[in-house]
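Note sheet for the following structure.
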Amino acid sequence: MAEAEAAERRVLVAVDESEESMHALSWCLKNIISDKFSDTLLLLYVKPPRAVSTALDGTGTRCYTEAFLFSSDVMLAIEKYGNEVADCVMEKAKKLCSELADVKVETRIENGDARDVICQMADKLGADLLVMGSHGYGLIKRAFLGSVSNHCAQNAKCPVMIVKKPKSTSNSH
């Protein structure tokens, strides 16, 4: 019985609209998911906080403040667009998974700061492994935007696999 339990794995893959995210999912499907295990693939998309502006406070900590500058019609349009993006990302991710025969695929769409939500959901969903892409931001962008993958690597309670997309070999910059 213990052998059967050990063979069940829950692999959480954080997906977004980036090529890096879909590369990480493809890599996971080729290198981690196996018919030797009873795998459950958990696809997670995190919608950013609704209509927020971000700024750094005096301590260098990122602050989120609700923006009340838009009419309700504009807010509804933004919300609708966010839902359409989430649905589109999930459809693309599910299509990548469609060739897997014996793997259970579950999808979750959550709201909030991706760094915190991904770590929370990895714990809540009992993930054995968290897989995510790296946007490959340089030092300056990472300092201002923060690194979701770095945050998760430091704070998730399960192992984290960060998959980097190979740089293009073409000389077009």
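The values are calculated or read from the model by the stated rules, or taken from the named source; none is laboratory data. Everything numeric here is computed off the predicted structure, so don't read it as measured data. As a convention, Cβ positions derive from the backbone with ideal geometry for all residues, glycine included, and neighbour counts pool all protein chains shown. Heavy atoms of the whole protein, side chains included, go into the accessibility calculation; ligands, DNA and RNA do not. Shrake-Rupley method; radii C 1.70, N 1.55, O 1.52, S 1.80 Å.
Testing Cys88 on (1) among the hydrophobic types (A, V, I, L, M, F, W, C); (2) at pLDDT 85 or above; (3) surrounded by 13 or more Cβ atoms within 10 Å (Cβ to Cβ), one condition comes back false. Which one is that? Every listed condition holds for Cys88 apart from (3).
Matching residues to (1) at pLDDT 80 or above; (2) open to solvent by 40 Å² or more (accessible area, probe 1.4 Å); (3) within 16 Å of the chain's Cα centre (by Cα); (4) on the phi < 0 side of the Ramachandran plot:
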position	(1), (2), (3), (4)
Cys63	no, yes, no, yes
Ser71	no, yes, no, yes
Glu84	yes, yes, no, yes
Leu100	no, yes, no, yes
Arg108	yes, yes, yes, yes
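Restricting attention to segment 81-98, the residues that are in contact (Cβ under 8 Å) with a residue 60 or more places away in the chain and either out of contact with any Leu (no Cβ under 7 Å at 6 or more places or on another chain) or among the aliphatic types (A, V, I, L, M) (or both) total 7.
Give the residue that is farthest from the chain's Cα centre (by Cα), with candidates limited to residues of segment 7-32 that are within 18 Å of Ala156 (Cα to Cα) and among the β-branched types (Val, Ile, Thr). Ranking the candidates gives Val11 first.
In the set (1) in contact with a Ser or Thr (Cβ under 7 Å, 6 or more places away or on another chain); (2) surrounded by 17 or more Cβ atoms within 10 Å (Cβ to Cβ); (3) modelled with pLDDT under 90, Lys165 fails one condition alone, (1). The residues of segment 1-58 that are at pLDDT 70 or above, farther than 19 Å from Cys119 by Cβ, assigned to a loop (DSSP other than H, G, I, E, B) and of a type in the set (D, E, K, R), listed by number, are Glu17, Asp35, Lys36.
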